[in-house]
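Engineer: Here's a structure for you.
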Amino acid sequence: MNAPLLELAPALWTAILAHLRQQGAGVRESGGFLLGRVRKGVRVVTSFLPYEQLQADALQADFVHLSGASFSRLWDYCATHGLEVVADVHTHRYGAGQSRSDGENPMLAIAGHIALIVPDFAQGPVGLEHLGLYVYQGAHRWTRYRGPTVARVMTFKTPESEP
């Protein structure tokens, strides 16, 4: 693979991790949608929309739960701001592996959608090698990237360095 699948600015990633860390408070999952545009096959993240902004009680259970109305709010937000959903991100208590529920219930059941999982409720250091990155293939099948392979498909790039 010559180009990454997912790209974002380091400062944005730091802000996303800080939000996940604060929202989960070390005791529950947190997450949100990564919004931006797809450019030449690369999903470029430019903003983050936390789940709790779409649905106040999205994080009240032991897992993230969004109603259908939340997705209507998501599509309205994207239309208003000229953005696309390029991925989603959420935390897990321990590792960055997908749960059975994650695999069976993608946030967007569209082939090519990317789901990121951050371990340890984002409480510790989080390098690319700590993440799980999953690309939905359809029919509940995923391509999985873990450990050092995540750096092959996700990269950091500051907006000033864009061509």
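Engineer: Please verify whether Trp75 is among the aromatic types (Phe, Trp, Tyr), modelled with pLDDT of 90 or more and surrounded by fewer than 16 Cβ atoms within 10 Å (Cβ to Cβ), treating the condition exactly as stated.
Structural biologist: The answer is yes for Trp75.
Engineer: Let me ask you something else. Find the residue count for the range 37-58, including only residues that are closer than 21 Å to Leu20 by Cα, among the charged types (D, E, K, R) and in a loop (DSSP other than H, G, I, E, B).
Structural biologist: Matching residues across the range 37-58 total 1.
Engineer: Moving on to the next point. When you go through Tyr136, Tyr145 one by one, which is the residue that is assigned to a strand (DSSP E or B), more than 19 Å from Thr46 (Cα to Cα) and touching a helix residue (DSSP H, G or I) at 6+ places or on another chain (Cβ under 6 Å)?
Structural biologist: After applying the criteria, what remains is Tyr145.
Engineer: Taking the range 37-47 only, how many residues are surrounded by fewer than 22 Cβ atoms within 10 Å (Cβ to Cβ) and under 22 Å from Arg73 (Cα atoms)?
Structural biologist: Within the range 37-47, residues that are surrounded by fewer than 22 Cβ atoms within 10 Å (Cβ to Cβ) and under 22 Å from Arg73 (Cα atoms) number 5.
Engineer: Considering the range 1-34 alone, what residues qualify as being among the hydroxyl-bearing types (Ser, Thr, Tyr) and surrounded by fewer than 20 Cβ atoms within 10 Å (Cβ to Cβ)?
Structural biologist: Thr14
Engineer: Checking the conditions here, which among Ile110, Ile117 is out of contact with any helix residue (DSSP H, G or I) (no Cβ under 6 Å at 6 or more places or on another chain), outside any helix (DSSP H, G or I), surrounded by fewer than 18 Cβ atoms within 10 Å (Cβ to Cβ) and without any contact (Cβ under 8 Å) to a residue 40 or more places away in the chain?
Structural biologist: Going through Ile110, Ile117 in turn, just one is out of contact with any helix residue (DSSP H, G or I) (no Cβ under 6 Å at 6 or more places or on another chain), outside any helix (DSSP H, G or I), surrounded by fewer than 18 Cβ atoms within 10 Å (Cβ to Cβ) and without any contact (Cβ under 8 Å) to a residue 40 or more places away in the chain: Ile110.
Engineer: State the number of residues belonging to the range 16-36 that are farther than 23 Å from Asp76 by Cβ and either touching a residue at least 12 places away in the same chain (Cβ under 8 Å) or among the aliphatic types (A, V, I, L, M) (or both).
Structural biologist: Looking only at that region, the number is 10.
Engineer: Restricting to the range 120-163, give me the number of residues that are in contact with a Leu (Cβ under 7 Å, 6 or more places away or on another chain), within 24 Å of Gln22 (Cα to Cα) and in contact (Cβ under 8 Å) with a residue 60 or more places away in the chain.
Structural biologist: So the count comes out to 5.
Engineer: Which ones in the range 144-160 are of a type in the set (Gly, Ala, Ser) and under 22 Å from Arg39 (Cα atoms)?
Structural biologist: Hit for the range 144-160 is Ala151, nothing else.
Engineer: Shifting gears a bit: Does any residue of the range 86-95 turn out to be surrounded by 13 or more Cβ atoms within 10 Å (Cβ to Cβ), farther than 20 Å from Gly36 by Cβ, at pLDDT below 95 and under 15 Å from the mean Cα position of the chain (by Cα)?
Structural biologist: Checked the range 86-95: at least one residue is surrounded by 13 or more Cβ atoms within 10 Å (Cβ to Cβ), farther than 20 Å from Gly36 by Cβ, at pLDDT below 95 and under 15 Å from the mean Cα position of the chain (by Cα).
The values are calculated or read from the model by the stated rules, or taken from the named source; none is laboratory data. Computed from a predicted model, the values in this text were never measured in an experiment. With ideal geometry, Cβ positions are generated from the backbone for all residues, glycine too; neighbour counts draw on all protein chains shown.
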